[in-house]
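One structure below.
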Amino acid sequence: MVEVRNLKKQFGSLVAVEDVSLSVKAGEVFAIIGASGSGKSTILKCINFLEPPTAGEIWVDGRRVGVVQTGGRLRPARASELRLSRAEIGMVFQNFNLFPHFTALQNVIEAPMAVRGLSRRDAVDLAKELLDRVGLGDKFDEHPRRLSGGQQQRVAIARALAMRPKVMLMDEVTSALDPELVEEVLGVMKTLARDGMTMLVVTHEMAFARDVANSVVFVDGGRVVEQGPPSELLRAPQEARTKAFLQRILRTDA
Amino acid sequence: MNLDFGIIAVVWPALLQGSLVTIQLTLAVLVCATPLAVLVALGRDSRLPAVRLPLAVMSAILRGIPPLLVLFIVFFGLPPAGLALDPFPSAVLAMTCYMAFYFGEVFRGGLQSVPPDQWRAADALGLKRSRTVVRIILPQTLPAVLPPYISHATEVLKGTALATAVAVPELTSAARQVFVVTFRPFEVLMVAAVIYAVLDGILLALQHAGERWAARTGTSTRY
Ligand SMILES: Nc1ncnc2c1ncn2[C@@H]1O[C@H](COP(=O)(O)OP(=O)(O)OP(=O)(O)O)[C@@H](O)[C@H]1O
Ligand SMILES: [Mg+2]
């Protein structure tokens, strides 16, 4: 479903991501772990071209993202083509980034109407169904600032799902939440996983990675250090850097 | 002084007519200059120097010369160049050019007050740039933009009096013609002043309505 091949991203002279290759199958939950500044967010942003990669290839559902082949020649995708790719890729941010002047419902219906061409009625039906699904059936008309962080993040998940994406990119979606609100968001993510959504999840929640992810990758200094099923990578890491990272994070978790 | 406000009964049709022209001129300038100003604001921070630099130069020049001079350039300077406009459209064009850059700075400040993550969230959903600007970004600039916007709009309202110099029959010009015939300058000009004050008041009321809207929806508070 998602293929990242030899991805490199450079900001000026700083190499943030170097030679990263990942392969995520349909219905798989793929967790990315690593220290702050290791390039996790950059990997996600390159997948939907919020940050255009310096080198490498991104494939989503068999289609190249950001590059179009016409008559045997490759050219950068136009803005309109990029928008179509992005519509297939849901993204949820650490800070929710809901539109503050819209209600929960308006946040969810905006893109389906604008991008997918849904009628308002269909978009509202869809949005209500999705907000119900994330447990916010009674909050349609609330503005974000009247919702808790956990509720805002669930609206953001519904907003991304409303585009019927092929894959969801989730960047530390529980990191900005008070501890007691983390579970309600993780719960929604577990449901999504069970329903077969393909997900790339950057997370510091090791329990979530262990219980839900099919695959875990540890990145350090912009490179993949180690990759494998959580049972192996989290329980018996091979690399010294992975061990050190896990020890550090498990100590702070406890 | 022997005041006679009974004169109002005689002069009000002329002053009303002048007020309508003043209102039309103000609205025409606001309607034309506001969208242009948004484009100026976006262009001023464009990544392309070919867009950014000419706008910076024009902004510096236009904001630095007297508005009356811009009006004269349009009304007297353009006809030899092949563009002869009537007084009213001349005034609209001149004030629009002038105000697009003043309002442009206002909107620019407003755009910078919106967190960049809002653009990113809209991009990630696949929204078009134009839709992002109109539906997502501009509404959030309202709290930052509204007070300076209204104070500039008040300048536009007062500035329409300059159009009397090219014989647009707006309120100040109407008042002058009326007192010249009635020999009652003080009363007539006081009435004109009151009308301007009322129109100002309407603009301020709009500002308060906008601020209430922003407070209700929470655009004014980051979260
Ligand atoms: N837009 C940018 N411009 C310049 N440098 C950037 C930019 N975005 C990220 N970087 C740099 O790239 C590196 C990787 O950043 P990234 O945000 O991907 O890390 P991360 O693993 O997500 O960290 P965190 O856990 O703190 O979110 C960092 O050194 C960061 O400073
Ligand atoms: Mg990050």
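The numbers here are math on the coordinates, done by the rules we state, and not lab data. Only a predicted model underlies this, so the values are computations on that prediction, with no experimental measurement involved. Note that we place each Cβ from the backbone using ideal geometry, even for glycine, and neighbour counts take in every protein chain shown.
State log₁₀ I(q)/I(0) for the range A:132-219 at q = 0.18, 0.23, 0.25 Å⁻¹ as given by the Debye formula over alpha-carbon point scatterers of equal weight, solvent excluded. For the range A:132-219 at q = 0.18, 0.23, 0.25 Å⁻¹, log10 I(q)/I(0) is -0.80, -1.28, -1.47.
Summary: within chain A, the longest segment free of trypsin sites (Lys or Arg not before Pro) located in DSSP loops with at most 12 other C-beta atoms within 10 Å is A:79-234. Across the range B:5-217, Cα-Cα pairs farther apart than 29 Å form 37% of the total.
Counting only DSSP beta bridges with both residues in the protein assembly as shown, the antiparallel share comes to about 55 percent.
For the range B:129-223, the Kirkwood hydrodynamic radius from C-alpha pairs, put into Stokes-Einstein at 25 °C and a viscosity of 0.890 mPa s, yields a diffusion coefficient of 154 µm² per second. If R0 is 30 Å, the Cβ-Cβ spacing of B:GLU211 and A:ASP125 corresponds to a FRET efficiency of close to 0.30.
Of the candidates A:VAL92, A:VAL68, A:VAL24, which one comes out as most mobile in a Gaussian network treatment of chain A with C-alpha springs shorter than 10 Å? Residue with maximal mean-square fluctuation among A:VAL92, A:VAL68, A:VAL24: A:VAL68.
For every helix of n ≥ 4 consecutive DSSP H residues, a contribution of -39,500 (n - 2.57) applies; sum these over chain B, divide by its total residues, and give [θ] at 222 nm rounded to the nearest 500 deg cm²/dmol.
Details: 8 runs with 160 residues, N = 223.
That calculation yields -24500 deg cm²/dmol at 222 nm.
Along its first, second and third principal axes, ordered by size, the protein assembly as shown spans 101, 51, 41 Å in Cα coordinates.
Using a Förster radius of 56 Å, what is the FRET efficiency between B:ASN2 and B:ALA56 based on their Cβ-Cβ separation? Nearest 0.05, please.
Working: r = 57 Å, r/R0 = 1.01.
After rounding, the FRET efficiency stands at 0.50.
Is there a quick way to get the dipole size of the protein assembly as shown? I mean about its Cα centre, with the Cβ of Lys and Arg at +1 and of Asp and Glu at -1; what is the value in debye to the nearest 20? Provide the component values of the computation, followed by the final result.
Numbers: 50 positive and 42 negative charges, 200 e Å.
Computed charge dipole of the protein assembly as shown: roughly 960 debye.
Against the main long axis of the alpha-carbon atoms of chain B, helix B:185-217 sits at an angle near 20°. Compute a Gaussian network model of chain B, connecting alpha carbons closer than 10 Å, and tell me which residue from B:THR96, B:THR132, B:THR26 fluctuates the most. The residue with the greatest mean-square fluctuation here is B:THR132. Taking the average, over residues, of other Cβ atoms within 10 Å as the packing measure, peptides B:47-54, A:214-221 rank A:214-221, B:47-54 from highest down.
Once both labels are positioned 7 Å from their Cα atoms along Cα-to-Cβ, the gap between B:VAL31 and A:SER231 label points is 7.1 nm.
Take each residue of peptide A:83-91, count the partner chain Cβ atoms within 10 Å of its Cβ, and average: the result is 3.
Cβ-to-Cβ counts within 10 Å put A:SER148, A:SER13 in ascending order as A:SER13, A:SER148, the fewest first. FRET efficiency for the A:GLU239 to B:SER151 pair, using the beta carbon distance and R₀ = 56 Å, is estimated at 0.35. With the simple model of a label 7 Å out from the Cα in the direction of the Cβ, B:LEU20 to A:LEU14 spans 6.3 nm. Scanning chain A for DSSP H helices at least 15 Å long along the axis (C-alpha atoms) with a Kyte-Doolittle mean no lower than -1.0 picks out A:104-115, A:120-133, A:149-161, A:179-194, A:240-253.
Look at B:CYS32, A:CYS46, B:CYS97 and count the other Cβ atoms within 10 Å of each Cβ; fewest to most, that gives B:CYS32, B:CYS97, A:CYS46.
Just checking the listed ones, A:ALA114, A:ALA26, A:ALA176: in the Gaussian network model of chain A with Cα springs under 10 Å, the one fluctuating most is A:ALA114.
D for the range B:1-104, whole µm²/s, Stokes-Einstein with Kirkwood Rh over alpha-carbon pairs at 20 °C and 1.002 mPa s: what number? Mind dumping the intermediate values first?
On the way: Rh = 15.9 Å.
Translational diffusion coefficient: 134 µm²/s.
Relative contact order of chain B, taken over Cα pairs closer than 8 Å and 6 or more residues apart, is 30 percent.
Compute the projected area of the convex hull of the Cα atoms of chain A, averaged over all viewing directions, and report it in nm² to one decimal place.
14.4 nm²
Roughly what % antiparallel, to the nearest 5, for the DSSP beta bridges in chain A? Walk me through the numbers before you get to the answer.
Numbers: 23 of 41 bridges.
Bridges in chain A are about 55 percent antiparallel.
Tell me, how many Å apart are the Cα centres for the range A:23-57 and for the range A:91-134? The range A:23-57 and the range A:91-134 have Cα centres separated by 24 Å.
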